[in-house]
Amino acid sequence: MRDDNCIFCKIANGDIPSKALYEDDDFKVILDLGPATKGHALILPKNHYANIYKLPDEAASKVMLLAKKMTIRMTEKLNCDGFNLVQNNGEDAGQTVFHFHLHLIPRYKNDGQTLGWKSMEPTPEELEDIRKIITE
Ligand code: AMP
Ligand code: ZN
């Protein structure tokens, strides 16, 4: 379940060195080389799944439990003021490395980062239309 051309496969499986924070049979957690804030880390599955659409249910469950554990530990150790979990799927959503990863981003008061979006102003009808599309 590895892709020989994938840098995160190589990092997760130890073929390329990284600043690892945690490792088990299924995952490696590493520091991001281009961090948004101090301590920005990535959870990488050891198996290659391109994105959340390809992620098996079992790995999806495990990744959220690990994210919770890492968030608690990192918050204690870094004394950060908040925490973002970010996960991009597809080029248009900002994904640049096509091996599933979950960003763990400690946040600090006045850290100057803006992880966000411009809010649209949908009408009640537009909200209802989109609700129907998703649920029907
Ligand atoms: P995304 O845009 O969600 O695909 O995120 C890719 C992330 O991987 C970015 O935050 C990069 O800084 C980070 N990154 C890319 N290559 C490496 C690497 N070799 N080691 C650690 N982080 C990396
Ligand atoms: Zn991979």
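Looking across Ile16, Ile30, one residue alone is within 11 Å of ligand 1 (Cβ to nearest atom), touching a helix residue (DSSP H, G or I) at 6+ places or on another chain (Cβ under 7 Å) and either assigned to a strand (DSSP E or B) or open to solvent by 60 Å² or more (accessible area, probe 1.4 Å) (or both). It is Ile30. Is there a residue being in contact (Cβ under 8 Å) with a residue 12 or more places away in the chain, out of contact with any helix residue (DSSP H, G or I) (no Cβ under 9 Å at 6 or more places or on another chain), among the hydrophobic types (A, V, I, L, M, F, W, C) and within 12 Å of ligand 1 (Cβ to nearest atom) anywhere in region 42-63? Yes, that holds for at least one residue.
Residues that are more than 16 Å from ligand 2 (Cβ to nearest atom) and over 19 Å from Ile7 (Cα atoms): does region 45-54 have at least one? The answer is no, given that none of the residues of region 45-54 is more than 16 Å from ligand 2 (Cβ to nearest atom) and over 19 Å from Ile7 (Cα atoms).
Out of curiosity, is Asn47 polar (S, T, N, Q) and assigned to a loop (DSSP other than H, G, I, E, B)? In short, yes. Gln95 falls short of the stated requirement of being open to solvent by 40 Å² or more (accessible area, probe 1.4 Å), closer than 23 Å to Gln113 by Cβ, within 16 Å of ligand 2 (Cβ to nearest atom) and in contact (Cβ under 8 Å) with a residue 12 or more places away in the chain.
Name the one entry in Leu78, Leu104 that is modelled with pLDDT of 95 or more and within 16 Å of ligand 1 (Cβ to nearest atom).
On the way: Leu78 fails: within 16 Å of ligand 1 (Cβ to nearest atom).
None of the other options fit; the residue is Leu104.
Condition check ((1) among the hydrophobic types (A, V, I, L, M, F, W, C); (2) at pLDDT below 95; (3) within 16 Å of ligand 2 (Cβ to nearest atom)) across all residues:
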{"site": "Tyr22", "(1), (2), (3)": "no, no, no"}
{"site": "Val29", "(1), (2), (3)": "yes, no, yes"}
{"site": "Ala41", "(1), (2), (3)": "yes, no, no"}
{"site": "Pro56", "(1), (2), (3)": "no, no, yes"}
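The values are calculated or read from the model by the stated rules, or taken from the named source; none is laboratory data. Source: prediction; values computed, not measured. As a convention, Cβ positions derive from the backbone with ideal geometry for all residues, glycine included, and neighbour counts pool all protein chains shown. Only protein heavy atoms, including side chains, enter the accessible area calculation; ligands, DNA and RNA are left aside. Shrake-Rupley method; radii C 1.70, N 1.55, O 1.52, S 1.80 Å.
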